[in-house]
Structure formats: structure tokens, C-alpha cells
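Each remark here refers to the structure printed beneath this line.
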Amino acid sequence: MDHTVDQPAISLRNVHLSLGTGAARVHILKGIDLDIVQGHSVGIIGPSGSGKSTLLMVMAGLERADSGTVRVAGTDLTGLSEDDLARFRGQHVGIVFQSFHLIPNMTALENVAVPLELAGEAHAFERAKDELAAVGLGERATHYPAQLSGGEQQRVAMARALVTQPDILIADEPTGNLDESTGSTIIDLMFEAQERRGTTLVLVTHDRTLAERCTTSVRIHSGFIDGDPIIRAPHAAAGH
């Protein structure tokens, strides 16, 4: 992670995005300007349909902005081809989704190793094993997703997102399909990993308390950023 301190991990300038076609086309993001500091945790909150998940997908290079500039980890994503975007994500961005997105016919270990194998990493399984152990699932490496609880599946998904040592970890409602206690454990693991590695964490959530654990909270409403981001001292936020 060779970033200068003052270079934002993520920088969006006047980003617009519409989805759908013809009469069904909807203007989702409306001139978003946002800088996210390297190594910080950012909670993005807002009502359902406000554009917060779409904003996350733009940051991850999974959705393309119609106009504006999207710079992530020092790279302008705007002109990259699909292949280049995939390669960029593989090197710089880890993603955790609400619904886990594990490959059902692969074991936990194989799921975690996938991004490393795609990158041609020689020691993919050794590193995947270490990452599974780090999220407390060393004993479950040979189990398939259907044999794991929701919380365990989300731990596998988190290990997979972190195994490439990404600069940026993006999480879209990571506790949305989990009960409160399990969700709380997942979030603790996520913040611990983020702090230990100096990763930038961007988290979409409807949970205000969770957003307040982040060093910065950003509120989205109807495709606009609502007011100024709320910035907290890192240790005050972590100690919530």
C-alpha cells in the first residue's frame, strides 16, 4: 500500500449514474462528490432506494458512472476496459455482499482461494487456510456453504475478500441476512481486520449505530449526499 498520506483512497467528482432503459430509466446518483481517506472506515447510510448500494458498486468498478470521475487507489476507473476493471478489483478491492455469494460446489477453503488462483498466486491454498483461521473457521475449511450457518458463510466471504490483501474493503449490508448477535460478531471481525491491516473500509448500512462506529458517516438521500460527512476521531469511533 504505497499511498501518500494525503491521497484519498477513493475520490468521486460529479458522478452521475442512471440505470434502466427508455421510460424506465432512473437517475440514481446525482452529482456525487466524495473523498475517502486511506485507512479510514466510512459508513454510508440512507433510506432504501437512496442510491447507497449503487454508490458502492461504482466505487468497486462494478457499475460505470455515466459521467464524472471515479478514482480508486490512485487509478482512474473511468476509461478502464471490463478486463482491466476485473484485474484492478483483484488487486485492490475486496467485496462482501449481504447474500454471501459463495460458490456452492466449492469448500470454504476453495471459495477463499478463488481470487488468489485467478491472480496466479502459487501459494493460494496456504494463504486461504491462514485467512480462514483468522476469521475463526480453520476447522471448517472442508465444509461446503450449505453445511455452514449464515454467520459462518459470511466469515468465509470476508476471508475471501481479505485474502488478496486489498487496499479497500467494500461491504454492502454485510449483516443484512444475519441475526443481531451473529451480525455483531461479523462487524467486530471486520473492524479488527480493517484496523490491523490499515485497509480502507466502506460500509453500506441502514443501521445508524453501525455507521457511528466508523470514522466517517455519509448520508445519501435521493441520489445526493445529504449534508457534510460526519468525521470522528478514529479511536473514539472504534471504541463505540
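The values are calculated or read from the model by the stated rules, or taken from the named source; none is laboratory data. Owing to the predicted nature of the structure, the values given are computational and were not obtained by experimental measurement. Note that each Cβ is placed from the backbone with ideal geometry, even for glycine, and that neighbours are counted across all protein chains shown. With ligands, DNA and RNA removed, areas are computed over all heavy atoms of the protein, side chains included. Shrake-Rupley method; radii C 1.70, N 1.55, O 1.52, S 1.80 Å.
Across region 168-177, not a single residue is classified as in a helix (DSSP H, G or I) and either more than 16 Å from Val204 (Cα to Cα) or under 16 Å from the mean Cα position of the chain (by Cα) (or both). Is at least one residue of region 128-141 closer than 28 Å to Thr182 by Cα, in contact with a helix residue (DSSP H, G or I) (Cβ under 7 Å, 6 or more places away or on another chain), at pLDDT 95 or above and open to solvent by 40 Å² or more (accessible area, probe 1.4 Å)? Among the residues of region 128-141, at least one is closer than 28 Å to Thr182 by Cα, in contact with a helix residue (DSSP H, G or I) (Cβ under 7 Å, 6 or more places away or on another chain), at pLDDT 95 or above and open to solvent by 40 Å² or more (accessible area, probe 1.4 Å), which makes the answer yes. Taking region 53-85 as the range and being open to solvent by less than 60 Å² (accessible area, probe 1.4 Å), within 15 Å of the chain's Cα centre (by Cα) and either farther than 18 Å from Ser18 by Cβ or not polar (S, T, N, Q) (or both) as the test, the residues that pass are Leu55, Leu56, Met57, Val58, Met59, Ala60, Gly61, Val72, Ala73.
Would you mind stating whether Thr209 is hydroxyl-bearing (Ser, Thr, Tyr), modelled with pLDDT of 90 or more, on the phi < 0 side of the Ramachandran plot and open to solvent by 10 Å² or more (accessible area, probe 1.4 Å)? For Thr209, the condition - hydroxyl-bearing (Ser, Thr, Tyr), modelled with pLDDT of 90 or more, on the phi < 0 side of the Ramachandran plot and open to solvent by 10 Å² or more (accessible area, probe 1.4 Å) - is not met.
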